[in-house]
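Data block below; observations after.
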Amino acid sequence: MKNESKRLMIAVIVGMLLCLFVSGPGLAADTIKLGVAGAHSGDLASYGIPSIRAAKLVVDEINAKGGVLGKQVEVLTEDDVCKPEVATNTATKLISKKVDVVLGHICSGATKAAMGIYKDSKIVVMSPSATNPDLTQSGDYPNFYRTIASDDAQAKLDVDFALDVLKLKKIAVIHDKGDYGKGFAEFAKKFLEESGKAEVVLFEGVTPGAVDYSAVVQKIKQNDAEAVIFGGYHPEASKIVTQMRKKRMKTIFISDDGVKDDTFIKVAGKYAEGVYASGPKDTSKNPLNIKAVKAHKDKYGEAHGAFYENAYTATIALLNAIEKAGSTDYDAISKALKTEWVETPIGKIRFDDRGDAIGAGFSVYQVQDGKYVELK
Amino acid sequence: MDWEYFLELFLGGLTRGSIYALIALGYTMVYGIIELINFAHGEIYMIGAFTALIVATVLSMLGLNQVAILICAAVAAVVYSCAYGFTVEKLAYKPLRKAPRLSALISAIGMSMFLQNYVLLAQTSDFLPFPSLIPDFEFWEPYAHIISSQELVILITTFVVMILLTILIKFTRIGKAMRATAQDKVMAALVGIDVNQVISVTFIVGSATAAIGGVLIASHIGQINFYIGFIAGIKAFVAAVLGGIGSIPGAVLGSLVLGWTESFFTGYISSDYEDVFAFMFLVFILIFRPAGILGRSDTQKV
C-alpha cells in the first residue's frame, strides 16, 4: 500500500515536470519575449523597479496597436538584486525562458557578470543604467547597448564642472570600492590630474554598509579638501554628507547619477542641500517624455524614479529594432540598432559601433529646496 | 604629529567602539551563560532601531519636543527588543538546550535570517531616513568640529550603561545568579537558582543594550534599513572574540580596540583596507592569546 502511494506520487511529480517542458516551447512561438533584468528587490530596488514599469507601459501600448511583426510582446522579469553572483543565474534563467532581447541589467557589476552568458547565446542586451566604460569600450561585449552615457563621460562633466565653474583647487576623490563607484572615481582622478588645475589630495575607498564614516570624514578635513567627488550609490553618499555637515564642514559634495536619486534627498534631508550630482539630461520638454511620464503617473499614481526614461527609451529602441529588422535574428537586430534612428523620450537616438547611444547625455544637477535642479 | 587630528580619530574610534560594545555585550553575556553564539543578536539591534523610528515618526506628528521623543523612542525600542530577545530565546534556543551545540547555532542563524526578512517584508527594502533625535547642544558648538553632540551623547550613554551593567552583575541577586549560572549550570540549579529565568534575564539585558546602541547609531547616521544588523553584528561579534568571548570587560575592551584600530588605520593609512586590517588584527591577537585579550582559557571539562 505504502509503495503504491509512493509510486503514484512519483508519477504525479514526473507528470508535472513534463508539463513544464511541453508548455515552455509551445508558447514561445507566438510572442516576442522581452526579458527585464535588474534589481527588483533589496537595497537598490529603487533603481530597478522603474525599468519594469517602463517596459510594461511601452509593451502595453505596442500590444494594443497590434504588437511587433504582428506578434504580441511578452515581458519576463527576473531579479538580480544588483549582485554579480546572482546576475549570472538571472541571465541563465532568462535564456532558458527563450527571451529574444533583454532590457537590463541595472548595476554595472551585475551587468558585466551576466554579459558573458548572453554573448554566448547571441542575445542583444540593452541597459538603461549600467555606465561602466568597459562594457562598451573594451569591445568584449558586442551584444551590449545602453541608453545612458558611460562613466567617463560623467566623470569628465563633473571634473569640468568642479574646475571651470566652481574653480576648485583641492579635491578629495572617494568611492565605494564597487565597479561603478570606483570606475567613476578613477576617471575623475585621471581627468583631474591631466588638467593640472587642481590637486587630488585624497583618493580612497570606503566600505559600504560600515557603521559610520567618521574617520574618512576626518581625513577629508585633515587634507583641506575644498570638495569631495564621490563615486558610488546614495546610501553611502548620504551617510558621508550627513557626517560632514554634523562636523560643521562646508566641503562641497559632487557625485554621480547613483546619487541623483530622490531617495538620497529623502534620507539625507536638510543635509542634502547644495549637493551636486550628475545625471541624464533633463528631457522633460520632449513630447514623448511627457507622454511617458504621464503614462506612469496615470497607472502607478507616483513619481517614476531613477532611469525610468532610459528604460522607456531602451524598450522602444529594442522593439523598434526588431520591427525594422523584420525578425528576432541577432545580426539583423544589431544592424538595425546601429543604423535606424528612433524617436524616444531622451531624444532621437541610434547606437554607435561600441553600443553607446548617440544623442544621450548628462548634465549637472544641484539639490535646491529638497529637489534636484538642472544647472545650465 | 598633528594632535588635533589624532584626537579626532581617537574620539571617532571611541564612538564607533562604544556602539560595537553595546552590541558585543549581548553576544558575550549569552555565550558566557549558555555557550551559544546568538547570531540573531544583530537583528535585535536592527529591530530596536526600527521601533524607535516608528515611535519617533508617530510622536513627532503629535508635536512633542525632541528630547521627549528621544526618550520615548528609546524606551519603546528597549521594550520591544527585550520582548524579541526573550521570545527568540524561548522559541529557538530553549527547546534545543539539551541538543548538541551545533543545532542551537544553526537555529540562531535561521532566526537571524527570519528576523531580517520579516522586517524586509513588513517594512521596506529601502533605506529610511531616521530623524536626528539627539539635538545639537548650544554650549557644545565650539567643540562640534572635533566631536559632535551626537557622538558625545553616544559616549556618555555607553559609559552609563556600562556602569549600570557592572552594578547589576556585581551587586544584585540576579547578577550573582548570573555569575553562578555562567560558572556551572548544574551546580547553580542544585543550590536553588532558576536557571531558565537567569537565561531569560541575560537575553533581555543583552537585547536592551543592543537596542540602545541601535537607537543611538541610527540617530547619529540618519538612515536605517533591514540589513544594518548584519554588519554591525559581525563587527560586534569580532569585538567580543577579540576581547575574549564570555568576558564582559573583555567585550568592552575588544570593541574599543576594534573601533580604534579601524579609525586610526583609516586616518593614517587607508580606508580601502579597513576591514582587512581589522580582521588581520583579530588573527594576530588570537595567535598570541587564543582566548582573546581578557578571556580565560579554561581547561576542557572532563
Q: Would you pull out the residues with amide H under 5 Å of B:Asp272's amide H, same chain only if 5 or more places away, H placed 1.01 Å from N?
A: A:Gly205
Q) Which whole-number value in Å³ per residue fits the convex hull of the alpha carbons of segment A:95-151? A) 68 Å³
Q.
Along the charge dipole of the protein assembly as shown, pointing to its positive end and built from +1/-1 on Cβ of Lys, Arg, Asp and Glu, which listed residue (A:Gly232, A:Ile322, B:Leu22) has its Cα farthest out?
A. B:Leu22
Q | Residues A:Ile349, B:Ile221, sorted so that the one with the fewest Cβ neighbours within 10 Å comes first | A | A:Ile349, B:Ile221
Q. Can you give the Rg to Rh ratio of chain A, both from alpha-carbon atoms, with Rh computed by the Kirkwood formula?
A. 1.04
Q.
For peptide B:267-275, what's the mean number of Cβ atoms from other chains within 10 Å of each residue's Cβ?
A. 5
**Q.** Neighbouring partner chain Cβ atoms per residue of A:201-213, average, 10 Å criterion
**A.** 6
Q) What dipole magnitude, in Debye to the nearest 20, does segment B:12-236 give about its Cα centre under +1 on Lys/Arg Cβ and -1 on Asp/Glu Cβ? A) 980 debye
Q: Kindly rank A:99-110, B:110-121 from highest to lowest mean number of other beta carbons found within 10 Å of each residue.
A: A:99-110, B:110-121
Q: Calculate the mean, over all residues of peptide A:214-224, of how many other protein chain Cβ atoms lie within 10 angstrom of the residue's Cβ.
A: 6
Q. If you bin the C-alpha pair distances of segment A:232-362 every 10 Å from 0, what whole percents do you get?
A. 12, 32, 27, 19, 8, 2, 0
Q: Over the Cα atoms of the protein assembly as shown, compute the convex hull volume and normalise it per residue, giving Å³.
A: 205 Å³
Q: Would you work out which of A:Leu94, A:Val293, A:Ser138 lies farthest towards the positive end of the dipole of chain A, given +1 charges on the beta-carbon of Lys and Arg and -1 on that of Asp and Glu, about the Cα centre?
A: A:Val293
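Scan segment B:68-155 for trypsin sites (Lys or Arg not before Pro) in coil per DSSP, keeping those whose Cβ has at most 15 other Cβ atoms within 10 Å, and list them by number.
B:Arg97, B:Lys98
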**Q.** Counting DSSP beta bridges with both ends in the protein assembly as shown, the antiparallel % (nearest 5)
**A.** 35 percent
Q.
How many angstrom lie between the Cα centre of segment B:241-302 and the Cα centre of segment B:106-131?
A. 27 Å
(Q) Between A:Asp352 and A:Asp331, what's the calculated FRET efficiency when r is the beta-carbon distance and R0 is 30 Å? Round to 0.05. (A) 0.95
**Q.** Mean residue ellipticity (222 nm) of the protein assembly as shown, computed from DSSP H runs ≥ 4 via -39,500 (n - 2.57), nearest 500
**A.** -19000 deg cm²/dmol
(Q) Under 10 Å, Cα contacts only: if you run a Gaussian network model on chain B, which one of B:Ser219, B:Ser125, B:Ser81 comes out with the highest mean-square fluctuation? (A) B:Ser125
**Q.** log₁₀ of I(q)/I(0) at q = 0.14, 0.15, 0.17, 0.22 Å⁻¹ - segment B:5-113, Debye sum with one point per alpha carbon
**A.** -0.70, -0.76, -0.88, -1.11
**Q.** Karplus-derived 3J(HN,Hα), 6.51/-1.76/1.60, for each residue of segment B:145-156, Hz, glycine and proline x
**A.** 6, 8, 9, 6, 4, 4, 5, 4, 4, 4, 4, 5
Q | segment A:152-256, dipole about Cα centre (Lys/Arg Cβ +1, Asp/Glu Cβ -1), debye to the nearest 20 | A | 580 debye
Q | Among beta bridges that DSSP assigns inside segment A:224-376, antiparallel share in %, nearest 5 | A | 70 percent
Q) What are the semi-axes of the equivalent ellipsoid for segment B:12-236, taken as the square roots of 5 times the Cα gyration tensor eigenvalues, largest first, in whole Å? A) 31, 21, 15
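How big is the Rg/Rh ratio for segment A:152-256, C-alpha atoms only, Rh by Kirkwood, two decimals?
Over the Cα atoms of segment A:152-256, Rg/Rh equals 0.93.
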Q.
Please rank A:Lys93, A:Lys299, A:Lys246, A:Lys285, fewest neighbouring Cβ atoms within 10 Å first, as an exposure proxy.
A. A:Lys285, A:Lys299, A:Lys93, A:Lys246
Q) Can you put A:Leu157, B:Leu256 in order, fewest other beta carbons within 10 Å first? A) A:Leu157, B:Leu256
(Q) Can you give me the Kirkwood hydrodynamic radius for segment A:194-244, using every pair of distinct Cα atoms, in Å to one decimal? (A) 11.9 Å
Q: Using +1 at the Cβ of each Lys and Arg and -1 at the Cβ of each Asp and Glu in segment B:12-236, identify which of B:Gly229, B:Leu128, B:Met187 lies farthest towards the dipole's positive end.
A: B:Met187
Q: Mind grabbing the base-10 log of I(q)/I(0) for segment A:308-376 at q = 0.12, 0.15, 0.24 Å⁻¹? Debye formula, identical points on the C-alpha positions, no solvent, two decimal places.
A: -0.40, -0.55, -1.01
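Values in this text are rule-based calculations from the coordinates and carry no lab data. All figures in this text were calculated on a predicted structure; none of them were measured in a lab. All Cβ positions, glycine included, derive from the backbone under ideal geometry; neighbour counts span all protein chains shown.
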